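Take a look at the structure set out below.
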Number of protein chains: 2
Amino acid sequence: MNIGQAASASGVSAKMIRYYEQVGLIASPSRTEAGYRDYSSDEVHMLRFIRRARDLGFSVEQMTSLLALWSDRSRASSDVKRFAMTHVAELERKMRALRAMAETLRHLAKTCHGDERPNCPIIEELSSGHEAAAPKPRRAASRRYGAH
Amino acid sequence: MNIGQAASASGVSAKMIRYYEQVGLIASPSRTEAGYRDYSSDEVHMLRFIRRARDLGFSVEQMTSLLALWSDRSRASSDVKRFAMTHVAELERKMRALRAMAETLRHLAKTCHGDERPNCPIIEELSSGHEAAAPKPRRAASRRYGAH
DNA sequence: ATAGAGCTTCCAGTGACTGGAAGGTCAAGC
DNA sequence: GCTTGACCTTCCAGTCACTGGAAGCTCTAT
């Protein structure tokens, strides 16, 4: 199976597959004589695993750990559960931060007439308002919501 | 006021102030003879505006628009409101995506015994499970939750 | 006079990609 | 057998919003 076929079979784009190989998430597959990557069904299976993990918001680093947990037949299910719940906590923290922002802005917008006049409580709040909306999230990938 | 004082007065770090200047969000302030940046109280006011906007999750590009709306005394409040509500929709979309991920993972974790045995429904789901958890969010800054 | 805090510029790295250039390979149709 | 075009290869650059750090200059206090 070449990379294009592996991509459509797994739902991970060819570009991303190469990227995951480059950063060491997956091993280099064997090559055809022409130098094309050649994927086994096990490798495609792993790519599908990766796509599902990614869809649940796991980072590449976390996926490395997940793959290790997957292949370690002797690890306890509590190891996996702990790992998952740590991630859930992080997701929920970010979620709450986004919700707080949305709510603050929504409340502000509700008090704005939204007509042709310039007077606007949203701008006024930004200009001289109270302090922030949210407990902020933290994540390496997004410094914006980063730091402790 | 030098950059350190402007930073503590506004809550935007000196590093970020320089960055915002570099990317054109704010104008270059005047300089002292020694070459130090010198901020007026209007400029510090603008930095506070920026910090509040950032705390509501606006991107640098969006903040450029917000600053324009702020300084345009003739724009209608409906312009601001529309801008804000578009952002609210985006925040809520991302929020729902995170919530869907968290819920999926939480449910999965609930069915996991979390004991010393290796059998684990979380890993099994990733390995051969159903499709994704979420309507995905989109944002330039975070390709991970990006694309249409 | 000197120490050290704070300022300056500039460069590099972060995470998870995406886009594109330049060039090699493969399968199908003529 | 040749051409076409879809697909593969590598490599480099850009995205976003920062952060860290080096090298060197300035200011303030002792």
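For the range B:32-62, enumerate the residues that are more than 10 Å from DNA strand D (Cβ to nearest atom) and open to solvent by 40 Å² or more (accessible area, probe 1.4 Å).
Taking the range B:32-62 first, the residues more than 10 Å from DNA strand D (Cβ to nearest atom) are B:37-49, B:52, B:56.
Within the range B:32-62, B:Arg37, B:Asp38, B:Ser40, B:Ser41, B:Asp42, B:Glu43, B:His45, B:Met46, B:Arg48 qualify.
Taking A:Tyr19, is it over 30 Å from B:Arg99 (Cα atoms) and within 9 Å of DNA strand D (Cβ to nearest atom)? When the stated conditions are applied, A:Tyr19 does not pass them. Among the residues of the range B:52-63, the one identified as over 26 Å from A:Gly57 (Cβ atoms) and more than 9 Å from chain A (Cβ to nearest Cβ) is B:Met63.
Taking the condition more than 23 Å from B:Ser128 (Cβ to Cβ) and within 16 Å of DNA strand D (Cβ to nearest atom), does A:Val12 pass? Full working, then the answer.
Details: more than 23 Å from B:Ser128 (Cβ to Cβ): no; within 16 Å of DNA strand D (Cβ to nearest atom): yes.
No; evaluated as a whole, the condition is false for this residue.
When you check B:Val23 against the structure, is it surrounded by fewer than 18 Cβ atoms within 10 Å (Cβ to Cβ), β-branched (Val, Ile, Thr) and in contact (Cβ under 8 Å) with a residue 24 or more places away in the chain, yes or no? Considered against the rule, which asks whether it is surrounded by fewer than 18 Cβ atoms within 10 Å (Cβ to Cβ), β-branched (Val, Ile, Thr) and in contact (Cβ under 8 Å) with a residue 24 or more places away in the chain, B:Val23 comes out as yes.
Answer yes or no as to whether B:His45 is over 17 Å from A:Arg99 (Cβ atoms), of a type outside the set (Asp, Glu) and either in contact with a Gly (Cβ under 6 Å, 6 or more places away or on another chain) or facing chain A (nearest Cβ under 8 Å) (or both).
On the way: over 17 Å from A:Arg99 (Cβ atoms): yes; of a type outside the set (Asp, Glu): yes; either in contact with a Gly (Cβ under 6 Å, 6 or more places away or on another chain) or facing chain A (nearest Cβ under 8 Å) (or both): yes.
Answer is yes for this residue.
Of all residues in the range A:91-123, those that are without any contact (Cβ under 8 Å) to a residue 24 or more places away in the chain and open to solvent by 90 Å² or more (accessible area, probe 1.4 Å) total 7.
Of the residues A:Ala97, A:Ala141, which is within 16 Å of DNA strand D (Cβ to nearest atom), closer than 28 Å to B:His107 by Cβ and modelled with pLDDT under 90?
On the way: A:Ala97 fails: modelled with pLDDT under 90.
That would be A:Ala141, the only listed residue that is within 16 Å of DNA strand D (Cβ to nearest atom), closer than 28 Å to B:His107 by Cβ and modelled with pLDDT under 90.
When the range B:45-63 is filtered for residues that are closer than 11 Å to A:Leu105 by Cβ and not in a helix (DSSP H, G or I), the ones remaining, listed by number, are B:Leu56, B:Gly57, B:Phe58. State which residue is farthest from the other protein chains (Cβ to nearest Cβ) when the search covers only the range B:64-103 and only residues that are among the hydroxyl-bearing types (Ser, Thr, Tyr) and in a helix (DSSP H, G or I). Selected residue: B:Thr64.
The values are calculated or read from the model by the stated rules, or taken from the named source; none is laboratory data. If you're wondering where the values come from, they're calculated on a predicted model, not measured in any experiment. Backbone-built Cβ (ideal geometry, glycine too); neighbour counts: all protein chains shown. The accessibility values were calculated without ligands, DNA or RNA, using every heavy atom of the protein model including side chains. Shrake-Rupley method; radii C 1.70, N 1.55, O 1.52, S 1.80 Å.
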